[in-house]
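The values are calculated or read from the model by the stated rules, or taken from the named source; none is laboratory data. None of the values given here were measured: they were computed from a predicted structure. Positions of Cβ are generated from backbone atoms using ideal geometry, with glycine treated the same way; all protein chains shown enter the neighbour counts. Just the protein is used for accessible areas: all its heavy atoms, side chains included, with ligands, DNA and RNA removed. Shrake-Rupley method; radii C 1.70, N 1.55, O 1.52, S 1.80 Å.
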Amino acid sequence: MPEKTLTADAPEGAAEAPAAASPKRWWILAIIALAQLMVVLDATIVNIALPSAQADLGFSDGNRQWIVTAYALAFASLLLLGGRIADLFGRKPAFLIGVAGFAGASVLGGAATGFEMLVVARALQGAFGALLAPAALSLLNTTFTDARERARAFSVYGAIAGAGGAVGLLLGGILTDALDWRWTLFVNVPIAAVALAGGWLLLSSHRDAANSRLDVPGTLLVAGGLFGLVYGFSNAETHDWASPQTWGYLLAGGVLLAAFAWWQTRTAHPLLPLRILLDRNRGASFLAVLVSGAGMFGVFLFLTYYLQLNLGFSPTRTGVAFLPMVGALMVAAQLGTTALLPRIGPKVLVPLGFGIATAGMAWLTGIGVGSSYVSAVLPQLIVIGLGLGLVMPATMQLATGGVAAEDAGVASATVNAMQQVGGSIGTALLNTLAASAATDYLAGKDATSKLVQAQATIESYTTAFWWSAGLFAAGAVIAFLLFRRGVPEEDASAAPVVHM
């Protein structure tokens with residue numbers, strides 16, 4: 001299809017006029033969704049397999065966290081670079097290289113003969129994921145030009161982004177129980193093969209920011225800043241908050257990100273044009289994605305511990321236990337983006353979703369040593385899934401919608417970065433608070449008693465759930481204050497162009 005041109009009265013740099021919808025758009029959605037599922041799965045699928053991998057490769061408990069952290073560090077710190085590469089050099093090559101590299105890194109990790117090899121493989125997965133994820137989201141944004149169809153597409157994408165972590169727990173448990181921990185990495189190969197073949201056949205190359213140049217100083221500043229934040233929060237799990245290994249990296253990350261923001265106002269070719277952040281609805285959406293990512297770990301992480309250690313669930317049964325939440329999230333995602341957002345707008349919808357998630361998380365604090373999954377966990381998971389399903393797809397759609405085509409990749413990367421940094425913050429914060437709650441409960445009690453120990457773990461879980469509820473409640477307030485009133489207008493002239 002030939003490229004569209006700006007209308008005569010359109011300002012330079014404005015988005016292009018909408019192109020006719022591609023007849024291949026729903027197949028493209030399937031390929032994008034598959035690739036995104038692969039990236040999201042790997043944030044959690046390895047977690048359940050860690051004990052088996054540790055026993056096989058013989059690394060220490062202290063080193064265990066780096067199997068997870070290496071992925072998060074590379075992914076978060078390189079996301080904006082990956083998004084800009086997609087804009088500059090084309091989304092199709094970025095997508096295909098990201099998929100192929102991710103699969104290669106997965107093979108390397110599955111064949112690991114030692115701790116160091118596995119950590120390198122996980123870091124490479126994160127690096128290629130940082131190229132793949134923003135390319136996939138920006139392809140989605142530029143493929144669907146019709147407002148109703150775009151809402152439906154984002155409901156699918158947002159549901160995968162929100163539920164993929166739970167699916168990863170399920171798949172990780174099944175593969176570890178039935179086969180071997182290495183298959184939690186090898187499973188990416190057939191997924192990647194389908195995504196690679198589909199992307200090669202269905203996508204076409206186009207560079208919306210071909211006349212721009214890569215902002216090297218900005219790239220170094222933001223990569224260093226995001227690395228510092230994620231690494232600092234990760235260290236909080238194994239070091240005290242007063243440790244220089246924690247606050248030193250957090251401080252350095254904050255300084256580098258402040259320098260990055262200053263530099264973006266000076267350079268002619270910014271890595272992250274500030275016009276992307278200064279739109280009120282888009283800025284509110286970025287913050288909502290950050291908060292939902294932080295609070296969601298209270299569900300996945302600590303409920304996994306509770307189900308396995310306190311209720312005696314196997315890894316596979318633990319994954320199955322999360323499926324009702326996944327189903328509720330998908331239903332709410334479809335309802336929220338296609339029916340509610342176009343009618344009531346984000347100022348009502350997003351706080352409503354956060355409020356429902358807050359209620360579900362607060363309800364989950366009622367778990368006890370001998371609680372039943374059916375009465376003390378299942379209804380609460382469904383409520384939380386409904387709430388997050390109203391928040392995540394809608395905010396992802398608003399965060400990436402309406403941007404100029406040449407900024408689609410970096411806007412998409414910012415969404416992924418917010419979710420990843422939010423998850424890192426949530427993991428570190430909730431782990432620290434949970435550990436402190438358990439220590440406080442054990443003070444003055446018989447720490448050798450199994451009943452006391454079990455109750456101490458319950459205290460740690462419920463503390464994490466209360467804080468997660470607080471994060472969701474804060475998200476509701478932030479969303480209500482920042483989102484504009486009314487329904488966002490779909491400006492046809494601002495719709496991104498499709499190049500097929």
Practice prompt. Go ahead and run the numbers for FRET between residue 450 and residue 477, Cβ-Cβ distance against an R0 of 25 Å, rounding to 0.05.
Written response: 0.05
Worksheet item: Pulled fully out, how much extra length does the chain show between residue 200 and residue 485, if you take 0.36 nm times their separation in residues and subtract their Cα-Cα distance?
Response: 98.4 nm
Practice prompt. Would you mind working out the accessible area per residue for segment 276-341, using a 1.4 Å probe, and quoting it in Å²?
Written response: 33
Worksheet item: Using mean Cβ contacts within 10 Å as the protection proxy, how do 250-257, 224-231 order, highest first?
Response: 224-231, 250-257
Worksheet entry | Cβ crowding within 10 Å averaged over residues, with 183-191, 373-381 ranked highest first | 183-191, 373-381
Discussion item. Leaving out ligands, DNA and RNA, and with a 1.4 Å probe, what % of the accessible surface on segment 346-416 is carbon or sulfur?
Written reply: 74
Worksheet item: Of all the accessible heavy-atom surface of segment 73-135, with the other protein chains kept in place and a 1.4 Å probe, what percent is carbon and sulfur?
Response: 83
Practice prompt. Provide the per residue accessible area, probe 1.4 Å, for segment 343-393, rounded to a whole number of square angstrom.
Written response: 31
Discussion item. Output wanted: per-residue J couplings in Hz (rounded whole) for segment 366-379, from phi through Karplus 6.51 cos²θ - 1.76 cosθ + 1.60, θ = phi - 60°, x for Gly and Pro.
Written reply: x, 5, x, 4, x, 5, 9, 4, 5, 9, 9, 10, 4, x
Response to the item:
Taking protein heavy atoms only, a 1.4 Å probe, and rounding to whole percent, the accessible area of segment 200-335 owed to carbon and sulfur comes out at 67
Worksheet item: Taking the Cα centre of segment 203-347 as the origin and placing charges on Cβ (Lys, Arg +1; Asp, Glu -1), which of 344, 258, 245 is farthest toward the positive end of the dipole?
Response: 344
Worksheet item: How much length is gained on full extension from residue 247 to residue 314, taking 0.36 nm per residue of separation minus their Cα-Cα distance?
Response: 20.4 nm
Item to complete: Give the peptides 270-277, 170-177 in descending order of average Cβ contacts within 10 Å, highest first.
Response: 170-177, 270-277
Practice prompt. Can you pull the one-decimal nm distance between simple spin-label points at residue 373 and residue 277, each 7 Å off the Cα toward Cβ?
Written response: 4.4
Discussion item. Based on C-alpha coordinates, I'd like the Rg and Dmax of segment 70-135, in Å.
Written reply: 11.8, 38
